[in-house]
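Q: Supplied in structure tokens, the structure appears directly below.
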Amino acid sequence: MNQKDVIANGDRVLVLGLGRSGRSAANFCAEQGARVVAVDEAEGAGELESLHEAVEVRRGEPFPDSGNFDWVIPSPGIPSRRYGGPGPRVLGDIELAARTLCVPIVAVTGTNGKTTTVALLEALLRHAGLRAAVAGNVGRPALSLVGEPLDVAILEVSSFQLEITQCFAPEVSVVLNVAADHLDRHGDLEAYTAAKRRLVEAQTPEATCVLNADDPTVAAFANATRAKVSWFGAASRTTDAARAAWVDGNAVVLRLPGGEQRIRLDGSPLSHRHDFSNAAAALLALAALEVDVSKAAGGLKDFVGLPHRCRPVALRAGVSWIDDSKATNVAAAEAALRGSDRPLLWIAGGRGKGLDFAPLAAAARGRVRRALLIGESAREIETSLAGTCPTLRCENLDAAVRAAADEARPGDAVLLSPACASFDQFRSYAERGESFQRAIAALDEGAGA
């Protein structure tokens, strides 16, 4: 579908929100000759210097009646009830980009692991000699890829973005996992799952869908797509699949129609079991694009892990300090706890998302020496951990770091894996992770005073 089939000259377009994706959508539509009104209810929203001169900007105003426009393009953070819900006139920037790009698209979703997987895909494709770039739910708007010289576009897509897609049909889709998250937005797990499932529903029989065989919710997506399914997961779950990948020790085994390949992960910065699973999914996606997997896999050793995702950030007196601030939901924190081979001082808490913290108790049992709890959800997490491990509620992250330092022994790890959003005390998970690292550095400054 080309650009004139989407946004036409003279179309009336309403863009809701003036964040990065909203500004990019407004500019794109204005460049097509559309009459664009961009509205944000916040008085000082957006960096307007980059906006096309033809865009009419309204700040600090309620959203206008969407019925007066040909198209409504909402920013992902705006709930659909604010503009009448999904419909044929509602178009997200992800789908607008997909309808405009002229290269194959790999789209990745999942509750956890999306950003690591798209970054890994980008690194491996580039190592194979292809021009690839990542956009979407990673800070760079999807529409920024339009016009860029590319061989492959990689999109990280969230449930917020997927819930308004109409016919988004990437050449390759990847679904890593589905666990309870964003229930404060979607209402319940069923609605959240339905949003994720939209990634595969419009794919054609010529497309490929890479699914996690170990996740029953994700595995059921195979019944919702016409695409060819490639499975990743435990070997026992993928034995009979024609296109499959599984983790075997420190390697990923790929079974493709041409035979099996073994890709070793030794020497790469991937160190956690869930990272190995992400690598298996990424390698299957490369195979679906008919990329030379063996050649691409040479990029594994140069891949740089992403910040705030189970990253060791300090070693003090035999104690490892690990920043997993990106663990903003229960499933992510649970994976971090289970992936540790050291006794843990665990820092958790923040703003909850309507999730049940009970699964954390089983993951903490026998692994956590003490849980140091912060933020709005501290009391709720403490209740869920009753009888599992000692807990201590702390005033803030700095206090939790100091308490962890006082109690940690050589051989321990101090893990920041909050299981919550950061917005009660920080602007983002990244700011929370950076604050954690500064608090660790302050320990050393205090010791030298």
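The values are calculated or read from the model by the stated rules, or taken from the named source; none is laboratory data. Keep in mind that this is a model prediction, so the values were computed, not measured. Because the Cβ atoms are built from the backbone with ideal geometry, glycine has one as well, and the counts that use them run over all protein chains shown. Note: areas computed on protein heavy atoms with side chains; ligands, DNA, RNA excluded. Shrake-Rupley method; radii C 1.70, N 1.55, O 1.52, S 1.80 Å.
Q: What single numbered condition from (1) part of a loop (DSSP other than H, G, I, E, B); (2) free of Cβ contacts under 8 Å to residues at least 12 places away in the same chain; (3) more than 22 Å from the chain's Cα centre (by Cα); (4) under 25 Å from Leu306 (Cα atoms) fails to hold for Arg427?
A: (3)
Q: Looking at segment 330-366, which of the residues that are touching a Gly at 6+ places or on another chain (Cβ under 8 Å) and closer than 23 Å to Gly411 by Cβ is modelled with the lowest pLDDT?
A: Applying the filter and picking the extreme gives Arg342.
Q: Sticking with this structure for a sec: I'd like the full set of residues that are assigned to a helix (DSSP H, G or I) and open to solvent by 20 Å² or more (accessible area, probe 1.4 Å), limited to segment 120-135.
A: Glu122, Ala123, Arg126, His127
Q: OK, next. Given the conditions (1) assigned to a loop (DSSP other than H, G, I, E, B); (2) touching a Cys at 6+ places or on another chain (Cβ under 8 Å); (3) not charged (D, E, K, R), which single one is not true for Val291?
A: With (1) assigned to a loop (DSSP other than H, G, I, E, B); (2) touching a Cys at 6+ places or on another chain (Cβ under 8 Å); (3) not charged (D, E, K, R) applied to Val291, the lone miss is (2).
Q: All but one of (1) within 22 Å of the chain's Cα centre (by Cα); (2) surrounded by fewer than 14 Cβ atoms within 10 Å (Cβ to Cβ); (3) in contact (Cβ under 8 Å) with a residue 24 or more places away in the chain hold for Asp292; which doesn't?
A: (1)
Q: Has segment 337-348 got any residue that is in a helix (DSSP H, G or I), within 17 Å of the chain's Cα centre (by Cα) and of a type in the set (A, V, I, L, M, F, W, C)? Don't jump to the end; show me each part of the working.
A: First pass over segment 337-348, keeping only residues in a helix (DSSP H, G or I): 337-338.
From the residues that got through so far, the ones that are within 17 Å of the chain's Cα centre (by Cα) too are none.
No: zero hits.
Q: Further question on the same structure: (1) open to solvent by 50 Å² or more (accessible area, probe 1.4 Å); (2) in contact (Cβ under 8 Å) with a residue 60 or more places away in the chain: which one isn't true of Val414, the others all being true?
A: If we test Val414 against (1) open to solvent by 50 Å² or more (accessible area, probe 1.4 Å); (2) in contact (Cβ under 8 Å) with a residue 60 or more places away in the chain, just (1) comes out false.
Q: Out of Gly354, Gly411, report the one residue that is over 26 Å from Tyr192 (Cα atoms) and assigned to a loop (DSSP other than H, G, I, E, B).
A: Within the list Gly354, Gly411, the selection yields Gly411.
Q: Okay, moving on. Out of everything in segment 159-176 that is in contact with a strand residue (DSSP E or B) (Cβ under 7 Å, 6 or more places away or on another chain), at pLDDT 95 or above and in a loop (DSSP other than H, G, I, E, B), what residue ends up being surrounded by the fewest Cβ atoms within 10 Å (Cβ to Cβ)?
A: Glu171
Q: Check Glu190, Glu156 and return the single one that is acidic (Asp, Glu) and out of contact with any helix residue (DSSP H, G or I) (no Cβ under 9 Å at 6 or more places or on another chain).
A: Glu190
Q: Here's another thing I want to ask about it. So for segment 386-393 (the condition being over 16 Å from Ser320 (Cα atoms) and within 23 Å of the chain's Cα centre (by Cα)), does at least one residue qualify? Spell out the reasoning first.
A: Here is the first cut: in segment 386-393, the residues over 16 Å from Ser320 (Cα atoms) are 386-393.
In the following step, the residues that additionally are within 23 Å of the chain's Cα centre (by Cα) were identified as none.
No - not one qualifying residue is present in segment 386-393.
Q: Still on this structure, please answer the following. Restricting segment 141-151 to residues that are under 19 Å from the mean Cα position of the chain (by Cα) and more than 27 Å from Leu183 (Cβ to Cβ), which is most open to solvent (accessible area, probe 1.4 Å)?
A: Per the criteria, the residue is Ser144.
Here is a yes/no grid of residues against (1) open to solvent by 20 Å² or more (accessible area, probe 1.4 Å); (2) farther than 24 Å from Val247 by Cα:
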{"site": "Asp275", "(1), (2)": "yes, no"}
{"site": "Leu283", "(1), (2)": "no, no"}
{"site": "Lys301", "(1), (2)": "yes, no"}
{"site": "Cys310", "(1), (2)": "no, no"}
{"site": "Trp321", "(1), (2)": "no, yes"}
{"site": "Ser325", "(1), (2)": "no, yes"}
{"site": "Thr328", "(1), (2)": "yes, yes"}
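Q: Given the criteria in contact with a strand residue (DSSP E or B) (Cβ under 7 Å, 6 or more places away or on another chain) and either outside any helix (DSSP H, G or I) or of a type in the set (A, V, I, L, M, F, W, C) (or both), does Ser277 qualify?
A: When the stated conditions are applied, Ser277 does not pass them.
Q: Which ones in segment 316-336 are of a type outside the set (Ser, Thr, Tyr), assigned to a strand (DSSP E or B), out of contact with any Cys (no Cβ under 9 Å at 6 or more places or on another chain) and within 14 Å of Leu416 (Cα to Cα)?
A: Matches in segment 316-336: Val319, Trp321.
Q: Being surrounded by 15 or more Cβ atoms within 10 Å (Cβ to Cβ) and either in contact with a Lys or Arg (Cβ under 8 Å, 6 or more places away or on another chain) or of a type in the set (S, T, N, Q) (or both) is the filter here; which residues of segment 49-59 pass it?
A: If the condition is that a residue be surrounded by 15 or more Cβ atoms within 10 Å (Cβ to Cβ) and either in contact with a Lys or Arg (Cβ under 8 Å, 6 or more places away or on another chain) or of a type in the set (S, T, N, Q) (or both), then Leu51 is the only one that fits.
Let's see how each residue does on (1) open to solvent by 10 Å² or more (accessible area, probe 1.4 Å); (2) free of Cβ contacts under 8 Å to residues at least 40 places away in the same chain; (3) under 22 Å from Ala287 (Cβ atoms):
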position: His186; (1), (2), (3): yes, yes, no
position: Val200; (1), (2), (3): no, yes, yes
position: Ala213; (1), (2), (3): yes, yes, yes
position: Pro216; (1), (2), (3): yes, yes, no
position: Ala222; (1), (2), (3): yes, yes, yes
position: Ser236; (1), (2), (3): yes, yes, yes
position: Ala244; (1), (2), (3): no, no, yes
position: Gly249; (1), (2), (3): yes, yes, yes
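Q: Can I ask one more? For segment 88-116, give me each residue that is open to solvent by 10 Å² or more (accessible area, probe 1.4 Å) and on the phi > 0 side of the Ramachandran plot.
A: The one that is open to solvent by 10 Å² or more (accessible area, probe 1.4 Å) and on the phi > 0 side of the Ramachandran plot: Gly113.
Q: Now for a different question. Would you pick out the residues in segment 381-397 that are buried (at least 17 other Cβ atoms within 10 Å of the Cβ) and either out of contact with any Leu (no Cβ under 6 Å at 6 or more places or on another chain) or in a helix (DSSP H, G or I) (or both)?
A: Those that are buried (at least 17 other Cβ atoms within 10 Å of the Cβ) and either out of contact with any Leu (no Cβ under 6 Å at 6 or more places or on another chain) or in a helix (DSSP H, G or I) (or both): Ile381, Glu382, Ser384, Leu385, Thr388, Cys389, Leu397.
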